[in-house]
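A short worksheet on the structure shown next.
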Amino acid sequence: MGLRWLRWKLGRTHWAARLLGIRTPAGEAENDGLIMLQIDGLSRTQFERALEAGNMPFLQRLIDRQHFALETFYSGVPSTTPAVQGEIFFGARAAVPAFQFLRRRTGKVLRMYEAEAAEEIESHLERDYPNPLLKGGHSYSNIYRAGAVVSKYCSQDLAPDEILKGLHPVKWIVLSFFYIPKILRMAGLAVLELALAVFDALKGLYEREDFLKELAFVPARVSVGIIIREMIRFRILLDIERGVQVIHANFLGYDEQAHRRGPDSAFAHWTLKGIDRAIRDIYRSALRSGYRDYELVVYSDHGQERTIPFRKRHGRGIDEAVAEVFSKGPLAGREIWISKVPEMVGLALERCRELLGLEPARDGIASIADPGTQIIITALGPLGHIYLPEMQDTAQMDGYAEELVAKAGIPLVLLRKDDGAVRAFNRRGEWSLPEDRLEVLGHDHPFSEEAAADLAALCGHPDAGDFVISGWDPAQAPLTFPGESGAHGGPGDEETRGFLLLPDKIRRWHVAHLPNTGRRVRGEELGMIARHFLEKGGAKERRVPHHVTREGDFSIRVLTYNIHSCIGIDGKVRPERVARVINQFDPDVIAVQEVDAHRLRSGGHDQAQVIADHLRMTHVFHAMLEEKKERYGIAVFARYPFKLMKADYLTEADPRLFREARGAIWLRVEPPGGRPFHFINTHFGLGRKERHRQVRELLGRHWLGGVADEEPVILCGDLNSGPRSKVYRMLRERFLDVQHAAPGHRPRCTFSSVKPLLRLDHVFVSPHFEVEHVDLPDTPTAVMASDHLPLFAKLTLRADDESD
């Protein structure tokens, strides 16, 4: 414990925070904190490939330790960050129709990495969805601020970073000294990245014969891949010191590289190593927080398809191909407008300049579009829109759609009819959406039903084009309209299939309340999961106070937990943390041991009362040691009414042998509408002979021996005895061990929490019960909160007529 405290006190981040005038708030936060880390553009397929290749060893360890569950994240369509973050942060599906589109009410073409575009869309979202997810939190490198009080490197943040402004020169020197290893590592990585980038540029010169564009990508690679990533990491570490409740950050390095060289390229996967290290540092810092318990969610908003640029396949740009189609008929002679910036290098450089707080370069951007006279094409990726200056009749629109496929070579064209029906045109014919989804998306698409519905809804977006165009064709390699090797935005298999890592504590609610568990989670559901956690992390959610199952059977959730005076392995006394560990299982009756009341060593709290208030339960405390006002003992918390039958010693204290008094609490629990049962909590001693005396006393006529055979009994506690002991064998003669009785469960040890080697904590039940489920949470919070792990059991108490 002392070493952990010393390590935190001497940590770089702790001292950096002090130098920057940041102080950890006093006391402990009532609610848990949430850190959400987005790895932009990493599909589940590429994520699993990175794990297998050893590029993300820390995330692999989180999965291997079973603290985090790997699930599929469905991005929706359009599969692009502004749309996905709009869904997560605000709950709005398809907040934008693409990354670049015409805002019809203003006549301006918006690109969502620009401050003006992001601000306009966000203000609209805030009017319709006034409770954004990051309200009061911090937002880094996202499209939207989403209610954050602090945001950096987001689309709307053009000012240079101010974190180090006004720092005294002496503090600069001290801060630099603390971070010498990090600075040297960062410089080394920058040199390595620069060398790789130059090599990449030369490789690109050989393949593409466009050396200037290849060299132009070098600074974007270094800045987005390293500098911005490290600034985000440093800021989040400081936020943890501050105790910020909700933090969301987006790591862009992989997505930028995947656009350039493809999602499966070695260059793109190289960036994942640095992202994995940044996540590791954030996670470890969150675990050491003395003010707030944090949970971490890691996900990708979408994936990327390996694509072929439209120009490479057809020998001309999308604007030239569309111009040919509209060169005849009523729109002949109309000027075609398309931004010349949707080239991937231009996008990377513009994004880089915005993130670093530099004014965007405006040279080379096409003139302002005129929707009243021009045919406007917005196609910044594999999903685009064509806006006509004036609508045509149904036959003419159908004809244009067919020619956009046949003559222009666009794989998929969508057209919304006057009656709201959506028609899809591809090489195989004309189809209806969402009905003909397999003909449009392919028979193997993992989300064909939802993606087809999203595509159809997209065509009805107020800012959607008169034609929605896509490079997706399930029968051939997908196209993208700019010059990029990896792309996203459309309905493809990989671009809509991200990943999600959820910690066990959060996933429990997700499994219980969301219908698509085991198949996928989409943005609005991830937002619901995060909101529920933030709202309920520090407060007990009331539920139906009892569970009646088949024909009068009754479901009971019990938990036993040696809480070690609420002193965690980090040396911090935190009753609220213990209560939050208990809250994960929403138990009905809880037995706890080693509980302090008004003791100096644990801050003078009445720990049983603090935990009871947090759980909103009635409790009984029985002291085994009393010295003046200080007490130490065991407690029971119950959701149901109960009658205290007995609270007494099993054996008296023996100062000569340095033995504490040991005792038990015996309740008769009387749930409304359910069958009464006996519940006993105990804590046996350390000596073998005293434990034998204690178990004999507990089984004797003054305790369990006085309970009739037809009456149900639950016995919980820290028995300081393993399954080979005489104590255990004596109890097994009358009761069932839930760890053996639970179907499919393999008994696990409970002590110590860091490395469980001994099975000392037990739940025994009479034959009146069926054991449905047993769990021992070994989440980071549970491991940290005490030196024991809690033992949870879900039981079914059979009806009266089945008890004999």
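The values are calculated or read from the model by the stated rules, or taken from the named source; none is laboratory data. Because the structure is predicted, anything quoted here is derived from the model rather than measured. Using ideal geometry, Cβ is built from the backbone for each residue, glycine included, and neighbour counts are taken over all protein chains shown. Quick note on the areas: whole protein, heavy atoms, side chains included, nothing else; ligands and nucleic acids left out. Shrake-Rupley method; radii C 1.70, N 1.55, O 1.52, S 1.80 Å.
Data for the structure
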item	result
Entirely in the range 31-103, the helices (runs of 4 or more DSSP H) that have 2 or more residues that are surrounded by fewer than 24 Cβ atoms within 10 Å (Cβ to Cβ)	44-53, 57-64
Residue check for Glu324: at pLDDT 90 or above, open to solvent by 10 Å² or more (accessible area, probe 1.4 Å) and not aliphatic (A, V, I, L, M)	yes
Selected residue (criterion: modelled with the lowest pLDDT) from residues of the range 575-625 that are within 28 Å of the chain's Cα centre (by Cα), over 16 Å from Ser565 (Cα atoms) and of a type in the set (A, V, I, L, M, F, W, C)	Phe585
Hits in the range 590-613 (condition: assigned to a helix (DSSP H, G or I) and either touching a strand residue (DSSP E or B) at 6+ places or on another chain (Cβ under 6 Å) or over 22 Å from His762 (Cβ atoms) (or both))	Leu600, Arg601, Ser602, Gln607, Ala608, Gln609, Val610, Ala612, Asp613
Enumeration of residues in the range 450-477 that are surrounded by 24 or more Cβ atoms within 10 Å (Cβ to Cβ) and farther than 27 Å from Thr106 by Cβ	Ala451, Ala452, Gly471, Trp472
Segments classed as strands (runs of 3 or more DSSP E), wholly inside the range 614-681, with at least 1 members that are surrounded by fewer than 20 Cβ atoms within 10 Å (Cβ to Cβ), out of contact with any His (no Cβ under 7 Å at 6 or more places or on another chain) and of a type in the set (Gly, Ala, Ser)	618-627
Residues (open to solvent by 30 Å² or more (accessible area, probe 1.4 Å) and either in contact with a Cys (Cβ under 6 Å, 6 or more places away or on another chain) or closer than 21 Å to Ile338 by Cα (or both)) located in the range 407-426	Lys407, Arg416
Within the range 104-120, considering residues that are in a loop (DSSP other than H, G, I, E, B) and open to solvent by less than 10 Å² (accessible area, probe 1.4 Å), the one modelled with the highest pLDDT	Met112
Residue in the range 381-394 that is open to solvent by 10 Å² or more (accessible area, probe 1.4 Å), over 26 Å from Thr72 (Cα atoms) and within 34 Å of the chain's Cα centre (by Cα) present	no
Cβ-Cβ under 7 Å pairs, at least 6 apart or on other chains, the range 730-741 side acidic (Asp, Glu), far side crowded, with 20+ Cβ neighbours inside 10 Å and not in a helix (DSSP H, G or I)	Asp737/His762; Asp737/Phe764
Pick from the range 267-297, criterion among the polar types (S, T, N, Q) and outside any loop (DSSP other than H, G, I, E, B), ranking: surrounded by the fewest Cβ atoms within 10 Å (Cβ to Cβ)	Ser285
Matching option when the condition is at pLDDT below 75 and charged (D, E, K, R), among Arg242, Arg221, Arg260	Arg221
